[in-house]
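So the structure is just underneath, and the comments pick up after that.
The values are calculated or read from the model by the stated rules, or taken from the named source; none is laboratory data. From a predicted model like this one, the values you see are computed outputs, not experimental measurements. Positions of Cβ are generated from backbone atoms using ideal geometry, with glycine treated the same way; all protein chains shown enter the neighbour counts.
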Amino acid sequence: MLPADVRTLGRGAKETYQIGRQTHAHEGSVFALCLRRDGSVLSGGGKDRRLVHWSPELSLLQEAELSERFGAVRTIAEGAGGELLVGTTRNAVLRGGLAQGFVPIVQGHTDELWGLATHPRLCVFLTCGHDRQLCLWDGAAHSLAWSLLLEDTGLCADFHPSGQVAAVGLNTGRWLVLDTETQQVVASGSDGNEQLSVMRYSPDGEFLAIGSHDNFIYIYSVGDGARKYSRLGRCTGHSSFITHLDWSKDGKFIMSNSGDYEILYWDVAGSCKLLRNRFESRDREWATYTCVLGFHVFGVWPDGSDGTDINSLCRSHSERVVAVADDFCKVHLFQYPCSRAKHWLHLISALGLGLKSH
């Protein structure tokens, strides 16, 4: 930080500013300065994530270090009553002070978001992505309830039907189960070393299905209040990585899609057996519907599609409509089931999607 000897210059003046004092304030660049009402100065650094309070004479008065999950200081502003507002490199706006610390009032992901799961009863949802942040959001208050930094990249997630725990799949083949109240890891495991793409609990909460990029679906039995997990079997038959999967309402069967556009059906109760006759599952009822390929949603695919045009799909809780996200930044809303083409209700921008009534 290089404070200057301030002078008032008139037009054509030959005077120049001179450095009156030099103070080593931060490790790395200084990105933010804030002159407070009392004449003292606040500075924020990059590498050290420190917020430093200086006297008017540039003597060190106080300092605080931001948590790594918030990132480094980028901007500082003084609010009412001496309260400080700090903007960070991780898309957070913090409020507080050097003595009492800071809390986020706005916070978001800083990289691609891949995992999204909604609570079975409450208006909250979970997200994870390439920034390694796992975030629980309050949908009613439009605010962040809590966040934590994972060791690896989170790519998929799902709530247990009780809502007390949530499972998160990572890019390393590892998975975690966390208590949604305490944020503590209550169980963990690993299935191969390929990234996990889908986590899905059965509707009764007795099983967890994990879809992996190694082309397998791993099935675990769940016990002890969703805190104990034992490998039950493995669904083998896909020739490409797993992209989507759903459980039947009775919790005995699974429908899955893969990267080469396969639709396969599995008898989990029958030792994870592949059902060769797909038409046996044509009228089966599904607890969720996120598979982009299936008998109930063939009509969502437009003529001439190459198989990659539709990226995600989700049926409403009422089972009356299905939302479809495509490669063209659009979200389509269809009637459900949609086994014939042109069953769309309306087309809206993904940014304007609002499905509260469903």
Evaluation of residue 88 against (1) surrounded by fewer than 19 Cβ atoms within 10 Å (Cβ to Cβ); (2) among the polar types (S, T, N, Q); (3) not assigned by the TED database to the domain that holds residue 163 (one fails), failing number: (1)
Given the criteria farther than 20 Å from residue 137 by Cα and in a strand (DSSP E or B), does residue 187 qualify? yes
Report, by residue number, each residue of the range 84-104 that is under 18 Å from residue 39 (Cβ atoms) and modelled with pLDDT under 95. 97, 98
Has the range 330-338 got any residue that is surrounded by 13 or more Cβ atoms within 10 Å (Cβ to Cβ), assigned to a loop (DSSP other than H, G, I, E, B) and either acidic (Asp, Glu) or assigned by the TED database to the domain that holds residue 119 (or both)? no
Among (1) loosely packed, with under 14 Cβ neighbours inside 10 Å; (2) more than 21 Å from residue 155 (Cβ to Cβ); (3) modelled with pLDDT of 95 or more, which single condition is residue 269 missing? (3)
In the range 135-160, which residue that is of a type outside the set (Phe, Trp, Tyr), touching a residue at least 40 places away in the same chain (Cβ under 8 Å) and closer than 24 Å to residue 203 by Cβ is surrounded by the most Cβ atoms within 10 Å (Cβ to Cβ)? 154
Is it the case that the range 262-271 has a residue that's out of contact with any Asp or Glu (no Cβ under 7 Å at 6 or more places or on another chain), in contact (Cβ under 8 Å) with a residue 40 or more places away in the chain and of a type outside the set (Asp, Glu)? yes
Show me the strands (runs of 3 or more DSSP E) found entirely inside the range 93-176 where at least 2 residues are under 20 Å from residue 245 (Cβ atoms). 113-118, 124-129, 154-159, 165-170
For the range 308-316, check the following and say yes or no: at least one residue is under 21 Å from residue 203 (Cα atoms) and not in a strand (DSSP E or B). yes
Whichever residue in the range 296-335 is of a type in the set (Asp, Glu) and over 22 Å from the mean Cα position of the chain (by Cα) and, among such residues, is farthest from residue 262 (Cα to Cα): 319
Could you check how many residues of the range 185-217 are buried (at least 23 other Cβ atoms within 10 Å of the Cβ) and of a type in the set (Phe, Trp, Tyr)? 1
Is it the case that some residue within the range 290-297 is part of a strand (DSSP E or B), surrounded by 13 or more Cβ atoms within 10 Å (Cβ to Cβ), at pLDDT 90 or above and aromatic (Phe, Trp, Tyr)? no
Looking at the range 1-76, what strands (runs of 3 or more DSSP E) fall wholly within it and have at least 2 residues that are among the β-branched types (Val, Ile, Thr), surrounded by fewer than 17 Cβ atoms within 10 Å (Cβ to Cβ) and at pLDDT 90 or above? none
Test set (1) assigned by the TED database to the domain that holds residue 191; (2) surrounded by fewer than 22 Cβ atoms within 10 Å (Cβ to Cβ); (3) not in a strand (DSSP E or B) - residue 302 fails condition number: (1)
Tell me which residues, restricted to the range 222-254, are over 24 Å from residue 179 (Cα atoms), part of a strand (DSSP E or B) and either touching a Gly at 6+ places or on another chain (Cβ under 7 Å) or not assigned by the TED database to the domain that holds residue 163 (or both). 242, 243
